[in-house]
1. Failed condition for Ala47, given (1) more than 21 Å from Leu172 (Cα to Cα); (2) buried (at least 16 other Cβ atoms within 10 Å of the Cβ); (3) small (Gly, Ala, Ser), with all others met?
2. Name the one entry in Val228, Val213, Val176 that is open to solvent by 30 Å² or more (accessible area, probe 1.4 Å), touching a helix residue (DSSP H, G or I) at 6+ places or on another chain (Cβ under 7 Å) and assigned to a helix (DSSP H, G or I).
3. Any chance you could count how many residues in the range 253-273 are open to solvent by less than 10 Å² (accessible area, probe 1.4 Å) and modelled with pLDDT under 85?
4. Tally time: how many residues in the range 274-314 are acidic (Asp, Glu), surrounded by 15 or more Cβ atoms within 10 Å (Cβ to Cβ) and over 13 Å from Trp23 (Cα atoms)?
5. Pairs, please: C-beta under 7 Å, at least 6 apart or cross-chain, first residue under 30 Å from Ala145 (Cβ atoms) and in the range 289-317, second modelled with pLDDT under 95 and open to solvent by less than 70 Å² (accessible area, probe 1.4 Å)?
6. Give the range 121-155 a look and list any residue that's open to solvent by less than 40 Å² (accessible area, probe 1.4 Å), touching a Pro at 6+ places or on another chain (Cβ under 9 Å) and more than 17 Å from Ala258 (Cβ to Cβ), or say none.
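The values are calculated or read from the model by the stated rules, or taken from the named source; none is laboratory data. Predicted model only: the values in this text are computed from it and were never measured. All Cβ positions, glycine included, derive from the backbone under ideal geometry; neighbour counts span all protein chains shown. Keep in mind that these areas ignore ligands, DNA and RNA; they rest on the heavy atoms of the full protein, side chains included. Shrake-Rupley method; radii C 1.70, N 1.55, O 1.52, S 1.80 Å.
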Amino acid sequence: MNPFLDESVLLNNMAVLSLLLGWLLDKCLGDPMWLPHPIVLFGKMIARGERKLNRGNHRMTKGVLLAITLVLIVFIFTALIHMIFLQISLLVTILFDALCIFFCLSGTTLIREVRQVFVAVDRSPDEGRRQVARIVGRDTSELSAQEVRTAALETLAENLSDGVIAPLFWYLLLGVPGMLAYKMINTLDSMIGYKNERFVLFGRFAARMDDVVNFVPARLTAFLMILVSGRFSLISFVGRYGKQHASPNSGYPEAALAGILNCRFGGPNCYFGKIVDKPYIGTNDRLLTTKDMKVAVRINQWSEAVMIVVILLIRFVVETFIR
């Protein structure tokens, strides 16, 4: 057999093993507080660059340079480490890739946090506000119990895309380096991609870059949610409400979940001291319950599982074609 084909099949099998191991680690561990996380390092890199560059003239240009530089550093460094380990040991390479995949996935932690929000708000609105503040960027101090539950479910839907489907999508296209580069882009957006006075120029490119890399994954996430719910009639609902969101991407998974639960998301929220009137997604302004959270969690878990299966099937087809 052609040695090139042997090597290609071997690398494909390694990728499958790494993906399964990394995914299982996330399912079992989530994000342990005791384990150093590369996203923390990403945040420190961004914060240091922002302090040095976000001043004086040409702030937009400086923001572009920072974003591109950091994304390239992460991609190239990860690719080099992967290549070095590949020369040392296949097992070490699989473990390295699996660990990177584990760090890039946040499905288990997000579900855990949302469950805790619903438990907390059932005890008291104050506890719910404090708990939901851990996972949302809005001001939670004045939220009602209904608004706390709504915020948690909106975040669950949005972060199914950002924290699970999008990283897996970029892993499928560009491997572990692409997956980590995506996480850097996502972290850049979460730290400097705001339209306030400080970041409106400096973070504009980072926000646009995040919009671009999430364009397909957000819509794919919504489709997977509809697929696992079995309610294909919601496709038109998602098409109608998804594009009404201020974000070009977040509205699609949120609309999918709103349709599945037959509820309403959106409305006024406070961000950094300013009221932001988010368009409503859906029309049924009913009370949300723990039962709704359980349905949403099940949708998330099945969507994630289907995405893993899709990647494995594509890998299988690629390997079959190579042979």
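1. Among (1) more than 21 Å from Leu172 (Cα to Cα); (2) buried (at least 16 other Cβ atoms within 10 Å of the Cβ); (3) small (Gly, Ala, Ser), the lone unmet condition for Ala47 is (2).
2. Val228
3. Qualifying residue count, the range 253-273: 1.
4. Total meeting the criteria: 1.
5. What qualifies is Asn300/Gly107; Glu304/Gly107.
6. Within the range 121-155, Leu143, Ala145 qualify.
For every residue, the table says whether it meets (1) closer than 23 Å to Lys278 by Cβ; (2) in contact (Cβ under 8 Å) with a residue 40 or more places away in the chain; (3) of a type in the set (D, E, K, R).
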site: Ala157; (1), (2), (3): yes, yes, no
site: Leu160; (1), (2), (3): yes, yes, no
site: Leu172; (1), (2), (3): no, yes, no
site: Met179; (1), (2), (3): no, yes, no
site: Tyr182; (1), (2), (3): no, yes, no
site: Ala206; (1), (2), (3): yes, yes, no
site: Asp210; (1), (2), (3): yes, no, yes
site: Ser236; (1), (2), (3): yes, no, no
site: Gln244; (1), (2), (3): yes, no, no
